[in-house]
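Everything below concerns the one structure shown next.
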Amino acid sequence: MNNKEIVAKALQAAIGDELSYDQIVNFLEKPKSADHGDVAFPTFALAKIFRKAPQQIAADIAEKIDSTDFEKIEVVGPYLNFFMNKTVISQAVLKEVVANGNHFGDSNIGNENNVTIDMSSPNIAKPISMGHLRSTVIGNSISLILAKIGYQPVKINHLGDWGTQFGKLIVAYKKWGSAEAVKAAPITELLRLYVEFHERAETEPVLNDEARAWFKKLEEDDAEALELWQWFRDESLKEFNNIYDMLGITFDSFNGEAFYNDKMAEVVTMLEEKHLLKEDQGAEIVDLEAYNLNPALIKKSDGATLYITRDLAAAIYRKRTYNFEKSLYVVGNEQTVHFKQLKAVLKEMGFDWSDNMEHIKFGLITKDGKKLSTRKGKIVLLEEVLNEAKDSALQQIVEKNPDLPNKEEVAHQVGVGAVIFHDLKNDRLNNFDFDLKEVVRFEGETGPYVQYTHARAMTILEKANFKPDAKVSYQLNDADSWEIIKLLQTYPETVTQAADQYEPSVIAKHAIKLAQAFNKYYAHTKVLVEDQGKEARLALVYAVTVILKEDLRLLGVEAPNKM
Ligand code: ARG
């Protein structure tokens, strides 16, 4: 139970049936300053009911409550200020954390139901960019958070492995490429070819016609086209997998756009049967005026299918295959209209489950204030960023802890963790600028700061050779430990809040606050001094290590024991 619930229960008993428990909870406030206690109850609403002055009501209620859960209850005008009994609460909270370990905060809200998470989904033959990094780490964290509350996440990498760009690539490869160059550095070379194609097509528009023709061949299962396509896909996926390995992220499915090639005819037939398709200058569209949206283009005049056609087939396939409770698409803001159209078409088709599809949007990453794009070859290679982050972490570790045995391994955990943490600590809708120096700092609101705090706390436990015991009553009642206890106590609701909002930043912010509260505590308190309170202080340190590590785990970040 959290403090508001404890207070509400006590108030309910004192007030009687005049106010429901839920009404009471709604009235409760968190005082701005700790001088006014942990929870406050304004009595204005009761004045009418009891026909008494709020001040009098507050005093009467205070009289009636007699519980060891509170240190004191102050009546300040019409307010009742509750001061929680730190000894009682800390004992209960520490007991729960010690008993449950990293399963503290687990629940079965999800009832094992499936949630599909469309995430990462980079495009073949193009580098996986900082933008795809966002989708990858946000999707991964959401999957971990949902699993903690009892859902079965299904992580789907909807690879961009089909579309007119393959026509362009084949043309460019045949004209200006070589097998050796592709083998040596697949994505770099394929990107070079793609960029070259666009540059030349500006003055040589026939190239576009050739590209269209090759894509048509591909769609018609031409052997040469298919072989090249498969090769581009395999080589690209190898490079993507290197990055996923570095991030420690796995997928349940790599069914990309091409997977739906043989599943779109059924979609088109369904649309026809429901009389939803309209002809428009030779193309087939679904009118979405009723939704205030532009029409969805299902088939071009040359018969080629589109991004949205494949997404329609994919959505239906996912419903049939996974019977999802929710279907999430972790994709940048800029595709908002696409996902609105996708849902609207499915709704028109009579699929009410389309209401359970959700576009989990996120903002842009900029570098030095500028947008990153692949079209003009202006890209930041993710692999380079991760390696730079690792190097920077290594430098700092060498300075801080020259004797650390597994420096390389820890540098990897810290460097990569720093990039992930930085991405997740702000509300996902915010845009943010990527400055590597900022990201890998050991101070401030960074991943390394949280990891460092965790490692520091682990060292204390090791020094003391502390073993927690769920049968022992650990009790604390000082102000600094109280700040930590409150952050531990509210952990389960922090997790559900992060899940409800699909917002990993809720977890990241909790980690930062917990690390800060711990560092403040440690600066003011001699944890290891030999007195009666030592075991309780160590239990608190232990609980901090467990929850910091769990926070980091939910973000997809590792927590080294030493750094
Ligand atoms: N490949 C797309 C891109 O890089 C993202 C795909 C998102 N998922 C989807 N089902 N449309 O922009």
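Every number in this text was worked out from the coordinates using simple rules, so none of it is lab data. Source: prediction; values computed, not measured. Because the Cβ atoms are built from the backbone with ideal geometry, glycine has one as well, and the counts that use them run over all protein chains shown.
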Check: Once segment 137-192 is represented by equal point scatterers at the alpha-carbon sites, with solvent omitted, what log10 I(q)/I(0) does the Debye formula produce at q = 0.20, 0.26 Å⁻¹?
Finding: -0.75, -1.01
Note to self: What distance in nm lies between label points placed 7 Å from Cα along the C-beta direction at Glu266 and Asp352?
What the structure shows: 2.2 nm
Checklist line | 10 Å-binned pair-distance histogram of the chain (Cα, whole percent) | finding: 3, 15, 21, 21, 17, 12, 7, 3, 1
Next item on the list: Answer with one residue from Gly556, Ile485, Gln501: the one whose Cα lies farthest towards the positive end of the charge dipole of segment 421-563, charges on Cβ with Lys, Arg +1 and Asp, Glu -1.
Entry: Ile485
Next item on the list: Normalise the Cα radius of gyration of segment 1-76 by 2.2 N^0.38 Å (N = residues in it) and let me know the number.
Entry: 1.02
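For a quick check of your reading of the filter: which GluC sites (Glu not before Pro) in segment 1-100 sit in a DSSP loop and have no more than 13 other Cβ atoms within 10 Å? Intermediate values should be presented prior to the final figure.
Numbers: sites: Glu5, Glu18, Glu29, Glu63, Glu71, Glu74, Glu96; in loops: Glu18.
Those that pass, being in a loop and sparsely packed, are Glu18.
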Note to self: Let's see if you can work this out: charge +1 on each Lys and Arg Cβ, -1 on each Asp and Glu Cβ, no other charges. What is the dipole magnitude of the chain about its Cα centre, in debye to the nearest 20?
What the structure shows: 1020 debye
Notebook entry, point to check: Can you give the angle from 0 to 90° between the axis of helix 206-219 and the longest principal axis of the chain, with both taken from C-alpha atoms, to the nearest 10?
Noted result: 70 degrees
Notebook entry, point to check: What's log10 of I(q)/I(0) for segment 32-186 at q = 0.10, 0.17, 0.20, 0.21 Å⁻¹, Debye sum over Cα points only, no solvent?
Noted result: -0.71, -1.01, -1.14, -1.20
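For segment 320-473, just say rounded, prolate or oblate: build the C-alpha gyration tensor, square-root its eigenvalues into a ≥ b ≥ c, call rounded for a/c under 1.5, and beyond that prolate if a/b exceeds b/c, oblate if not. Walk me through the numbers on the way to the answer.
Values: a/c = 3.21, a/b = 1.55, b/c = 2.07.
Since a/c reaches 1.5 but b/c is at least a/b, the shape of segment 320-473 is classed as oblate.
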Note to self: Restricting to lysines 8 or more places apart or on different chains, can you count the pairs in segment 1-122 with Cα atoms under 17 Å from each other?
What the structure shows: 13
Next item on the list: Just order 123-129, 64-70, 401-407 by mean Cβ neighbour count inside 10 Å, highest at the front, would you?
Entry: 123-129, 64-70, 401-407
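Find the relative contact order for segment 93-164 and round it to a whole percent, using C-alpha pairs within less than 8 Å whose residues are 6+ positions apart. Write out the running numbers ahead of the final one.
Details: 93 pairs, mean separation 31.5, N = 72.
Relative contact order of segment 93-164: 44 percent.
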Checklist line | Helix axis angle, 336-348 relative to the chain longest principal axis, alpha carbon, degrees | finding: 80 degrees
Check: What ranking of Ser178, Ser135 emerges when the number of other C-beta atoms within 10 Å of each C-beta is taken as an exposure proxy, fewest first?
Finding: Ser178, Ser135
Note to self: Over segment 225-374, what is the relative contact order in percent, taking alpha-carbon pairs closer than 8 angstrom and at least six residues apart?
What the structure shows: 17 percent
Margin query: Just to be sure I understand the model, the point goes 7 Å from the Cα along the line to the Cβ. What's the resulting Lys562 to Asn430 distance in nm?
Written below: 3.6 nm
Check: Hey, can you rank 417-425, 213-221 by average C-beta count inside 10 Å, highest first?
Finding: 417-425, 213-221
Item checked: Contour minus Cα-Cα distance for His524 and Glu18 (0.36 nm per residue) -> 177.6 nm
Notebook entry, point to check: In Å and whole numbers, how far do the C-alpha atoms of segment 499-563 stretch along each principal axis, longest first?
Noted result: 45, 21, 17
Margin query: Can you return the lysines within cross-link range of Lys300? Criterion is Cα-Cα under 19 Å, with same-chain partners fewer than 8 residues away left out.
Written below: Lys168, Lys216, Lys217, Lys263, Lys278
Next item on the list: Filter the trypsin sites (Lys or Arg not before Pro) in segment 227-313 to those in DSSP coil with at most 16 other Cβ atoms within 10 Å of their Cβ, and list the result.
Entry: Lys274, Lys300
Notebook entry, point to check: Taking the simple approach of a point 7 Å from Cα along Cα-to-Cβ for both Ala290 and Gln532, what is their distance in nm?
Noted result: 7.4 nm
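Would you mind getting me the FRET efficiency between Glu462 and Thr68? Use the beta-carbon distance for r and R0 = 30 Å, nearest 0.05. Intermediate values should be presented prior to the final figure.
Details: r = 35 Å, r/R0 = 1.18.
After rounding, the FRET efficiency stands at 0.25.
Using DSSP to call loops (not H, G, I, E or B), can you name the GluC sites (Glu not before Pro) in segment 399-451 whose Cβ has at most 11 other Cβ atoms within 10 angstrom? Show your work: numbers first, answer last.
Working: sites: Glu399, Glu408, Glu409, Glu438, Glu443, Glu445; in loops: Glu443, Glu445.
Of the GluC sites (Glu not before Pro), the ones in loops of segment 399-451 whose Cβ has at most 11 other Cβ atoms within 10 Å are Glu443.
Report the far tail of the P(r) of segment 429-475, meaning the percent of Cα-Cα pairs longer than 14 Å.
Numbers: 733 of 1081 pairs.
Roughly 68 percent, rounded to a whole number.
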